[in-house]
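To start, the structure itself, in structure tokens.
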Amino acid sequence: MRKPLIAVTFGDAAGIGPELIAKLAGDPKAQEAATIVLVGDAWVWTEGQRIAGVAPQARPISAFTEARGQDGLFFLATETVQKSDVTPGAVTAGAGRGARAALTLCLEAAKRGEIDALCFAPLNKQAMKKGGMAFEDELHFFADYLGVTGYFCEFNTLGTLWTSRISSHIPLADIPKYVTGDRIKAAAELTWRTLRKAGFENPRVAVAALNPHGGDGGTCGREEIDIIEPAARELNAAGIPIQGPYPADTIFLKARDGALDAIVTMYHDQGQVAVKLLGFERGVTVQGGLPVIITTPAHGTAFDIAGTGKANPRAMTEAFLLAAKMASSR
């Protein structure tokens, strides 16, 4: 079976992304799993190697098609951001604009079928917005660029535990209007189907409650009775086994103890706090509901340690290996 071809971008050039990619590129496990095409500016690649203290040999190419069917590490040079426009460890419009330009090049390649997956180093949403991104986050940018009209959401993974959510990067005050039966059903079904594609034969998926103690029988909120539980029942009737709702303060104990494979949460921090406590250094984000496999570490750009050589590459490696696994299964 041929190896999948995975495009890898450096993320925000002011953060730890270049260092992480240099460490990833030098990892034998990564090159065994897929053909790697690094995409970005030559100076960023050089800087990443300097910071990481490694020097993986990447063969230069001018098009993704030159790497198809080949083993090894390749470098597709771009000119997306000038070094003078980037301040290490700081939010800059230049770094945000450059990160988006590299991603756009990869999305175009995905549309043409030239790559099998995309894995990117951490981005900074503020920098990307300063650089012209007119969306709340990169997932919405991806979905718009790829013409996605159906439901999409982020998944966060820790090995065999996956989480998704029915709302994402929105103000806390706006959460209640996202708690609808249609969104819950769409998120839970997408979660179940994505886990099937990722190799789970019978995914055990549960939805979290919104209110404390699951609403305490309606005395502390009725969303569980009126919206969440009916949505789960409808999915079960349609042949998609969904458990819950379970109180949010105990549902992750079930997952930790091996009783669940995935949890659908109602809002960003409900799942992210638990996942990051369980394994911040190895968490992966999967962009769900898109026609292209896209993964990234669940952590951010870590501006406070940018340029120090201290960045832990584990989550970056896990994100790449998951992309390779999903691409191979396709």
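The values are calculated or read from the model by the stated rules, or taken from the named source; none is laboratory data. What you see is a predicted model, and the numbers here were worked out from it, not measured in a lab. We place every Cβ from the backbone using ideal geometry, glycine too, and count neighbours over all the protein chains shown. Protein only, heavy atoms only, side chains kept; ligands, DNA and RNA dropped before computing areas. Shrake-Rupley method; radii C 1.70, N 1.55, O 1.52, S 1.80 Å.
Points to keep in mind about this one:
- Length-normalised contact order of the range 189-262 in % [C-alpha pairs under 8 Å, at least 6 apart]: 38
- Per-atom-type breakdown for the chain gives carbon and sulfur 51% of the accessible area (1.4 Å probe, protein chains only).
- Note: relative contact order over the chain, using C-alpha pairs below 8 Å and six or more positions apart, is 23 percent.
- What the range 26-143 shows is 43 Å² of accessible area per residue, with the surface traced by a 1.4 Å probe over protein heavy atoms.
- Charging the Cβ of each Asp and Glu at -1 and of each Lys and Arg at +1, and nothing else, the dipole of the range 205-330 about its Cα centre rounds to 620 debye.
- Where only C-alpha atoms are counted, convex hull volume of the range 161-269 per residue in Å³: 95
- Note on the chain: helix-only mean residue ellipticity at 222 nm, from DSSP H runs of 4+ residues weighted -39500 (n - 2.57) and normalised by residue number, equals -11500 deg cm²/dmol.
- Principal-axis tilt of helix 93-111 within the chain, Cα atoms, nearest 10 degrees: 80
- At 0.890 mPa s and 25 °C, Stokes diffusion of the chain via Kirkwood alpha-carbon radius, µm² per second: 121
- With 10 Å bins beginning at zero, the pair-distance distribution over Cα atoms of the range 198-242 amounts to 27, 43, 24, 7, 0 %.
- Computed from Cα atoms alone, the Kirkwood hydrodynamic radius reported for the range 121-219 is 15.7 Å.
- For the range 147-219, with +1 on Lys and Arg beta carbons and -1 on Asp and Glu, the positive-most of A208, S168, Y151 along the dipole: Y151
- Taking the C-alpha atoms only, the angle from helix 268-279 to the longest principal axis of the chain is near 60 degrees.
- Restricting the trypsin sites (Lys or Arg not before Pro) of the range 1-110 to loop positions (DSSP other than H, G, I, E, B) with no more than 12 neighbouring Cβ atoms within 10 Å leaves R2.
- Evaluated over the range 222-322, the Cα radius of gyration and Dmax, each in Å: 16.9, 54
- Average accessible surface area per residue within the range 227-330, 1.4 Å rolling probe, Å²: 42
- Peptide packing for 40-46, 239-245, 145-151 was compared via the average number of neighbouring C-beta atoms within 10 Å per residue; ordered from the highest value, the list is 40-46, 239-245, 145-151.
- Put the Cα centre of the range 280-310 next to the Cα centre of the range 74-133 and the gap is 14 Å.
- The range 1-75: proportion of alpha-carbon pairs further apart than 22 angstrom, %: 16
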